[in-house]
Amino acid sequence: GKYEIENNSSIISLVRQLNNGKQAPVKFVITKLRTRADLAKRIGKYFEVDSAEVAIYINSDDSLAKYRLDPNTLMTIVIPNTYNMRWTNSVEEIIERLKKEKDDFWTESRKDKAKKKTLSPAEVYIMASIIEEETNKQKDKLLIASTYINRLNRGIKLEADPTVKFAMQDFGLKRILHKHLDYYSPYNTYRNLGLPPGPICTPAISTIDAVLDAPETDYLFFVAKPDFKGYSNFATNYKQHLVYARQYQQALDSLIIRKRQKADSSR
């Protein structure tokens with residue numbers, strides 16, 4: 001086990017501590033994770049269990065069946081938080097704890113809100129994971145959620161850039177180009193209608209709640225504002241969206257040119 005030994009502890013107190021099995025709690029911190037491999041590494045870092053053993057377990061349909069999960073939906077039970085556990089916890093115990101916390105998180109109030117938006121808790125989580133990768137602005141999270149819900153309800157593809165990065169497993173990709181949009185994957189929402197089969201990261205609780213509290217709008221499109229402050233312009237029709245998209249594209253091209261000129265002048 002894992003034990004905290006205080007300075008100047010006597011041999012007797014140390015023996016008692018070990019004999020009583022009074023282990024120090026492990027503060028298992030989960031922030032933003034993108035993949036099951038990330039989760040396996042995080043568990044391997046905090047606990048006795050090896051990350052390779054964790055990876056085998058969480059990639060197995062048979063192992064996850066008793067939780068009513070599969071490898072795609074596994075991450076929907078991971079609510080970013082700090083969990084007190086034991087260093088000797090097995091992978092099964094860790095997953096069971098995460099699932100319990102997820103069940104506690106989904107209160108009747110949250111489940112009712114999801115139902116009113118005709119979404120399951122897992123679908124809310126998956127949508128929130130995309131929004132988490134779209135913006136860190138809480139105001140825009142609400143509007144992006146509204147936009148995505150509108151697109152789902154109208155049978156329009158989400159066409160979310162972050163899902164392309166996840167599909168390609170290229171999280172350093174700065175600009176999504178036309179050649180990327182046809183990448184074959186069930187996670188690519190440019191190719192497939194509806195939500196991906198699983199989340200593309202572990203969203204913050206505030207992002208999950210943004211989906212649940214999304215206002216009713218007529219928005220169907222959004223694109224980053226040309227001031228690069230992190231907010232988006234939202235549009236109800238494609239014509240207006242093209243205007244906003246052109247403004248952003250022009251601003252981005254100008255920014256790239258300025259950076260190149262600055263780099264050339266500094267040589």
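Throughout, read-outs are computed from the coordinates displayed, never taken from laboratory work. Keep in mind that what you see is a predicted model, and the values were worked out from it rather than measured. We place every Cβ from the backbone using ideal geometry, glycine too, and count neighbours over all the protein chains shown.
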With all distinct Cα pairs included, what does the Kirkwood hydrodynamic radius of segment 162-250 come out to in Å, to one decimal, could you say? 15.0
Plugging the Cβ-Cβ distance of residue 139 and residue 240 into 1/(1 + (r/R0)^6) at R0 = 22 Å yields, to the nearest 0.05, a FRET efficiency of 0.65
Would you be so kind as to identify which of 219, 58, 208 lies farthest towards the positive end of the dipole of the chain, taking Lys and Arg as +1 and Asp and Glu as -1 on Cβ and the Cα centre as origin? 219
From the phi angles alone, apply the Karplus equation (6.51, -1.76, 1.60; θ = phi - 60°) to segment 54-68 and give each ³J(HN,Hα) in whole Hz, x where the residue is Gly or Pro. 4, 4, 4, 5, 7, 9, 9, 4, 5, 5, 8, 4, 5, 9, 6
Can you tell me the Rg and the Dmax, both Å, for the Cα atoms in segment 117-267? 16.1, 57
The answer for residue 159, listing residues at least 5 apart or on another chain whose modeled amide H is closer than 5 Å to its amide H, is 190
Gap separating the Cα centres of segment 150-185 and segment 246-264, nearest whole Å: 24
Alpha carbon convex hull of the chain, projected area averaged over orientations, nm²: 20.2
Among rounded, prolate and oblate, which fits segment 62-106 when a ≥ b ≥ c are the square roots of the eigenvalues of its C-alpha gyration tensor, a/c under 1.5 means rounded, and a/b larger than b/c means prolate? oblate
Table column - 3J(HN,Hα) (Hz), segment 93-103, Karplus curve with 6.51, -1.76, 1.60, x for Gly and Pro: 5, 5, 5, 4, 5, 4, 5, 4, 5, 5, 5
Whole-Hz ³J(HN,Hα) for each residue in segment 154-161, computed from phi via Karplus 6.51 cos²θ - 1.76 cosθ + 1.60 with θ = phi - 60°, x for glycine and proline: what do you get? 9, x, 9, 4, 5, 6, 9, 4
State the answer as a single residue: which of 98, 83, 128 lies farthest towards the positive end of the charge dipole of segment 62-168, with beta carbon charges of +1 for Lys and Arg and -1 for Asp and Glu, about the Cα centre. 128
Mark the label point 7 Å from the Cα of residue 41 along Cα→Cβ and return the residues of segment 170-184 whose backbone N is within less than 16 Å of it. 170-173
